[in-house]
Structure formats: C-alpha cells, structure tokens
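Chemist: Got a structure for you, questions after.
The values are calculated or read from the model by the stated rules, or taken from the named source; none is laboratory data. Just so it is clear, the model here is predicted, and its values are computed rather than measured. Positions of Cβ are backbone-derived with ideal geometry, glycine not excepted, and every protein chain shown enters the neighbour counts. Surface areas here come from the heavy atoms of the whole protein model, side chains and all, with no ligands, DNA or RNA. Shrake-Rupley method; radii C 1.70, N 1.55, O 1.52, S 1.80 Å.
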Amino acid sequence: MKRLGVNIDHVATLRNARGEFHPDPVQAAKFAQKKGADSITIHLREDRRHIKDFDAKKICSIKNLFVNLEISIKNEIVKKALKIKPNYICIVPENRKEITTEGGLNLKKNNNNIKSIIKLFKEKKIRTSLFINPSIQDILISKKLGTDCVEIHTGRFANLVKSKKSIKKEFLRIKKCAKLADNIGLKVHAGHGLDYKSTQLLSKIKEIEEFNIGHFIIGESIFFGFRNVINKFKKIIKS
Ligand code: PXP
C-alpha cells in the first residue's frame, strides 16, 4: 500500500508572510493526519524561511503522528534534529539562494559526512532517507552509505508532465532506479514538484512506497480544500 506524506512547509510560508500565528502548521499537521495523510513532512531549513524551530518541536511531539524531518548536512541542523527526535529524517541538499530544493544530494562529495549522519540517526532508531537524483550510481552509493530509504527527486519528471513534453525517458529512468533500489533492499520514496497527473503516472511504479507532496497540495487547497485534496491524492496513489 503506497503512503502519502503531506509536506506542510508552505502553511508556514503563509503564516510567516504576516508574522503572526495563522495559519498554524501544528494545526495543519493534525488536520492532515485526521484526513488521511500517512505522515507529515517538514523541512527545517538553515535560513528558517518557513518551518521554525518551535514548529518542528511541537509537530514532532504530537502523539501518533509520523513526522519526516528534512534536514541538510549542516552540523547545527543535524544536532537540532537529533534533539527534536522526529520519526524519520530525509537528508536533502541545501543552497541558500534556491527557491526550493533543486536537485538531489551530491553523494560523492559528501560521502563521509552523510555516512556518519545516517549512523547517528540509526542509533536513535530514526528512519533515514536520502534525497537523490534518479541515477543508478546514486542508488548504489546510497546503499553503501547505510540508509534505509531513498527519495527520488521527481522535479524533472513533474516539469515534463506540466509542459506536456515527452516523459518516456525520465519515467523509465525513475522506474529503473526504483527497481534497483528495491532489489538491493532500499525502500523507495518519491517527491518534488508533483501534482495529480505526475503522481498518477508515477503510482504505476510498484516499488515506490511513499510520495511526499507539498506545494501543489497547499496551493490546490485554496480552491478545493485541504481535506478534498488529500482525499484525491490518496485515491490516486491507491489506484
Ligand atoms: N521531497 C523533498 C525531499 C523535498 O525537499 C520537497 C520540497 O521541500 C518535497 C518532497 C516536496 O516538494 P513539493 O513542495 O514541490 O511538492
């Protein structure tokens, strides 16, 4: 059964635009869980542009809520995450100037660092994931680094779908990576830039067990409501 992780970073973006308390990401996390989200994803960025430390702390302390905390490899963030104790972590690349996470991790460059971060979280029984590009080489390196899961960056695929360009090559690339990862014992997740159509297409890849979706869910909720959008995604990933 595929799972839906709802990324609520942009509830915080909206709240921060006013510098006040509404809409509250804690309320969004509880609401999304009640309406069928299998987990909640939040990204504690180095610049704290959306989720703040107090959000992460509160959200990770909600009972019976599975929280996937996205973190960079920066020492300060790693230390904070170990203290906050989410259920899961996903290590992502971070670049101050980017609008959103633009690509997967550079595993070769950060090999030792990532390996020791994974070890720290595994010692605390926290599930680990690496956000990577759909690359055979990165799947193989991920396995060597000892992660439990990989999250395949679907940004390029999602953009091809949105611009109605040919998706065949990128779809097959993702499928091949997902199959290899599954074969060597890694759990496979997917995320970034997904909407209904791209999620529906990728749902056909049976090895993908979890989708993490944020911006489209929050944006679409303005028109159709958070509950309805979550429901629609649940139906799509089940079909
Ligand atoms: N997965 C990861 C690892 C991400 O960094 C992000 C963006 O924060 C997402 C999924 C969600 O992407 P989007 O907001 O485009 O759905």
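Chemist: Which residues, counting only those in the range 201-217, are more than 8 Å from the ligand (Cβ to nearest atom), buried (at least 22 other Cβ atoms within 10 Å of the Cβ) and in a helix (DSSP H, G or I)?
Modeler: Leu202
Every residue, every condition in (1) more than 21 Å from Glu102 (Cα to Cα); (2) open to solvent by less than 70 Å² (accessible area, probe 1.4 Å); (3) within 15 Å of the ligand (Cβ to nearest atom); (4) more than 15 Å from the chain's Cα centre (by Cα), yes or no:
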site	(1), (2), (3), (4)
Lys125	yes, no, no, yes
Pro134	no, yes, yes, no
Ile139	no, yes, no, yes
Lys168	yes, no, no, yes
Arg173	no, no, no, yes
Asp182	yes, no, no, yes
Asp195	no, yes, yes, no
Thr199	no, yes, yes, no
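Chemist: Scan the range 1-23 residue by residue and report those that are closer than 26 Å to Lys238 by Cα and among the aromatic types (Phe, Trp, Tyr).
Modeler: Residues satisfying the conditions do not exist here.
Chemist: So Asn7 clears everything in (1) touching a His at 6+ places or on another chain (Cβ under 6 Å); (2) surrounded by 19 or more Cβ atoms within 10 Å (Cβ to Cβ); (3) of a type in the set (S, T, N, Q) except one condition, right? Which one?
Modeler: Here Asn7 clears every test but (1).
Chemist: From (1) aliphatic (A, V, I, L, M); (2) surrounded by 22 or more Cβ atoms within 10 Å (Cβ to Cβ); (3) touching a Leu at 6+ places or on another chain (Cβ under 8 Å), pick out the condition that doesn't hold for Ile117.
Modeler: The failed condition is (3).
Chemist: Another one. Out of all the residues in the range 26-43, which are among the hydrophobic types (A, V, I, L, M, F, W, C) and closer than 14 Å to Gly214 by Cα?
Modeler: Ala28, Ala29, Ala32, Ala37, Ile40, Ile42
Chemist: Report, ordered by the first and then the second residue, all pairs with beta carbons closer than 9 Å, sequence separation of six or more or different chains, a first member in the range 1-16 that is among the hydroxyl-bearing types (Ser, Thr, Tyr), and a second member that is open to solvent by 20 Å² or more (accessible area, probe 1.4 Å) and within 12 Å of the ligand (Cβ to nearest atom).
Modeler: Qualifying pairs under 9 Å: Thr13/Arg49; Thr13/Ile218.
Chemist: Looking at the range 145-157, which of its residues are in contact (Cβ under 8 Å) with a residue 40 or more places away in the chain and either under 17 Å from Lys2 (Cβ atoms) or touching an Asp or Glu at 6+ places or on another chain (Cβ under 7 Å) (or both)?
Modeler: Residues satisfying the conditions are Cys149, Glu151, Ile152, Thr154, Phe157.
Chemist: Asn113 - would you say it is out of contact with any helix residue (DSSP H, G or I) (no Cβ under 6 Å at 6 or more places or on another chain), within 22 Å of Val188 (Cβ to Cβ) and of a type outside the set (Asp, Glu)?
Modeler: The answer is no for Asn113.
Chemist: Say we look at the range 218-233 and pick out the residues that are charged (D, E, K, R) and surrounded by fewer than 17 Cβ atoms within 10 Å (Cβ to Cβ); which of these is farthest from the ligand (Cβ to nearest atom)?
Modeler: Arg227
Chemist: Can you give me the number of residues within the range 6-52 that are closer than 20 Å to Asp195 by Cα, of a type outside the set (A, V, I, L, M, F, W, C) and within 16 Å of the ligand (Cβ to nearest atom)?
Modeler: So the count comes out to 8.
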